[in-house]
Structure formats: structure tokens, C-alpha cells
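These notes are about the structure you will find just below.
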Amino acid sequence: MLAFTAGTILTPRDAIDNGCLLVERGIIYSVSAAASIAQDIPFPASVLVADFGRDVIAPGYLDLHIHGAGGFDVMDDDPDALPTIERFLVRHGVTSYLPTTVTAPLDTTLQALERIAIAIEAHETERTTMHDAIATSLSARHIFAGRAQPLGIHLEGPFISHARRGVHPLQDLLPPSLATFERLWQAARGRIRMMTIAPELDGAMDVIAAAAARGVCVSLGHSDADLATTERAISAGARHATHTFNAMRPLAHRDPGIAGSVLTNDSVTADLIADGIHLDSAIVKLFAHAKGPEKTVLITDAVSATGKPDGRYHLGLMEVEVKGGRCESAGKLAGSVLTMDAAVRNLAKFAEWKLAEAVAAGSRNPAQVLGSNNKGVLAPGADADFLVLDSEGRVMRTFIGGVECSS
């Protein structure tokens, strides 16, 4: 058993002062104040204790929308792509993520989905192996350490609006159909956990209902939908919104459209890109007040250029250029170079939220969007994926399954 103590533990619903996290076989055994744990469960000599002083222990972050980092895209046909991205993510506090596709020729997308699905299955096997190894030998901790875990796939495109496609290639957009969705589903081996779709497209309602019935989180985005159409999509099974305000019909006081529905419908969660580029800080504050600490979700929408110097990179099959932190293709915003730890700090600043509330938007809330009870929280039975933060929210250390990730 491992014990981790710190000045504060953010569960993140509660803040426990002088807290202690007990971990066994990669799973959280208990979370409590160190004094009460010492009284109730005296540490035997075999327990390894790590004390982080006045720092903060918080849940690992979960990025629902990320295309790449470190020079690689999740759709790349390169064995180094996902491992490089995953090692980059943990340095910025992301312990779980959804590799996110971008619109491409259908055959290219199908091939990428299969590669990603195989990688997800390998991760699941490796994590089980790691837990077993830790239980028998601490020397086996090198297995899998240092890489964020893909939980499933976020399918962004091809079922999106021509009018709000952003940089998604026009020639590769497809009308929503059950037949095409089935091909995508089979290629992904049933690993699609989230799908962005424009509800105003012909056939979209049928696809929304079919995807929701399979447990997919249907997210509304890249859409020019009006309010009524959006509400019908929510009734059909949609329950989330993709990078709210971006690639979306603008909010107007007599034509609230999709944004008006997303901001006011309490059954819908929504995500945003808090990089100070995609949204003005005042809009981030407006969004945060509208959706509140329970339904606000942070994403990065990061591309291959993330973590690299200014220059030319790629998003799927498209070329993008990064200059001064702004990522564009043909003069349009094309994802971001945002990291999740920076997004958390930005949200706290822009929305004037406490650190715990901003941490929840990057951990508990995205986990709840996926219906996961063992990610994004520090509670008995949850995976021991957690961070050590300083008082400003900077990531000092990252742990996955109770194992510290190498840098």
C-alpha cells in the first residue's frame, strides 16, 4: 500500500486539509485527513509514504478533445505518434484523454479509427499488467508509467455543417447516415465515446438517436442550428456541446440559436477552449456563470504543434501554421496549442473561480460526461490517477495508477 500526504487534497468536490491518499494496486483505498487515517489505519512498516508538504493533490485531468501534440497527430500512421502525445500529456496533468479525429477522406478515417482502437486495447491490457506487477514487485513500476490513457475515440466530423465547418475539408464532409455511422463504429471496434455532429443536417436526428443508444456521448457542434432544431436534437439524445461559440451559429438576442440552447438547457454539458484566443475572457466568464461549476468542461483542441516552436505542422491531412500561440489554416483558427494545466489556470482567472472549481472542469466534469465513476475524482474505488499542484495550479508531478510518470 502507498500513502500520499499533502497540505490539501481536492477530491475535487471537497478540499481536505492535511490530507492523505491511500492507494493499493493502482486503486484509491481511502481519502481522509492524515490525522484520522493515522488513528483509524496505522501505517505498517511496509507502507511507502510520500509527503508533498504544502502542495495540492488533485485528480488527473481528462481531455475530451485533443488532436495531437509533440509534432504528432492522433491520426498519423506512425507507431511513435500516440506514445509521444501521451508522454506529453502527462507532463501537463492529463492522465486520460479521447484521441480526436478530424474530417478526412472516409477510408483514411476508417484506417485511423482502427489503429487508435488497437492502441486503446493495448493500453487496457498494459494497465492491468501494471497493477498486477505493482502488487508483487515495486521494481516493475516502469511498465506503462509515463503515458496518458486513451479511454475511447472522439469522432469530430464528417457529420458537420458546411457553413460552420471551420477548417474541416469541405470535400470530405458527409451527410449523416446510419450506414456511414455503422462503418465508422465497426472500424473503431465500438470505441467511439463521443461524436460531434451538426443536428440541422438531414439524417442527423436518426444518427444522434442511434449513437446515443450505443452509449456514445453525442455532442452538438460545427453547427448552424437554430434553437428549435437544437432542442429536438437534445430530445433525440444529444447531451453535450463542442467548443461552445467556436464553429457555431453566433448567439443573437432575437435568434439565440444553438448557443442559446446550450447555455440555458440544464440537461446539457458543454466544453470550451480557454486559451484567451478562441474566446474573450469575458465570454469565458459568461459561459462559466451560465453552465456553472458542475457542467463546465475544459478541452484543449490541441494539435500536433502543441509543445513545439512556431512553424508549420499538420492537423489530420491539413497543414497549419502556428505563430505567437495562434494556430491557423488558410486564415482560420485550426485548433490550439493549449495545454490542460494552462486551461485550468485560465478558467480560474477569467471566471474568477476557485482553483478547486477550475480543477473540476478539467477532471470530474469531463469524466461525468463520459459516465465514468473511476476517473476525475479522488474517492475510494477510483483509479489512482492524480496530480501534485502548487498553490497556483502548476503541475509538479503526475501519477497514473499510483505510479509517478517519468518526465
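The values are calculated or read from the model by the stated rules, or taken from the named source; none is laboratory data. Treat the numbers as computed from the prediction; the structure is a model and nothing was measured. A quick note on method: Cβ atoms are made from the backbone with ideal geometry, for glycine too, and the neighbour counts reach across all protein chains shown.
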In region 86-119, anything assigned to a helix (DSSP H, G or I), under 13 Å from the mean Cα position of the chain (by Cα) and either within 19 Å of C327 (Cα to Cα) or hydroxyl-bearing (S, T, Y) (or both) is listed as L89
Taking E328, is it farther than 29 Å from M396 by Cβ and surrounded by fewer than 18 Cβ atoms within 10 Å (Cβ to Cβ)? yes
I want to confirm something. Restricting to region 271-292 and keeping residues that are hydrophobic (A, V, I, L, M, F, W, C) and under 17 Å from R239 (Cα atoms), which single residue is surrounded by the fewest Cβ atoms within 10 Å (Cβ to Cβ)? A290
In this structure, is V403 under 19 Å from G60 (Cβ atoms), of a type in the set (V, I, T) and within 20 Å of the chain's Cα centre (by Cα)? no
Within region 331-340, residues being crowded, with 22+ Cβ neighbours inside 10 Å, more than 12 Å from the chain's Cα centre (by Cα) and not small (G, A, S) number 2
Kindly provide the set of residues from region 289-313 that are assigned to a strand (DSSP E or B), closer than 18 Å to D78 by Cβ and in contact (Cβ under 8 Å) with a residue 12 or more places away in the chain, ordered by number. A302, Y313
Which of the residues spanning region 193-215 are in a loop (DSSP other than H, G, I, E, B) and surrounded by 24 or more Cβ atoms within 10 Å (Cβ to Cβ)? A198, P199
Is at least one residue of region 183-190 assigned to a loop (DSSP other than H, G, I, E, B), buried (at least 16 other Cβ atoms within 10 Å of the Cβ) and modelled with pLDDT of 95 or more? yes
Looking at region 314-349, which of the residues that are part of a loop (DSSP other than H, G, I, E, B) and without any contact (Cβ under 8 Å) to a residue 24 or more places away in the chain is nearest to L387 (Cα to Cα)? G324
Could you list all residues from region 183-220 that are more than 20 Å from the chain's Cα centre (by Cα) and under 15 Å from A117 (Cα atoms)? R183, L184, W185, Q186, A187, R189
Could you say whether any residue in region 224-235 is among the basic types (K, R) and either touching a Ser or Thr at 6+ places or on another chain (Cβ under 7 Å) or part of a helix (DSSP H, G or I) (or both)? yes
Of everything in region 20-36 that's surrounded by fewer than 22 Cβ atoms within 10 Å (Cβ to Cβ), more than 26 Å from the chain's Cα centre (by Cα) and hydrophobic (A, V, I, L, M, F, W, C), which residue is modelled with the highest pLDDT? A33
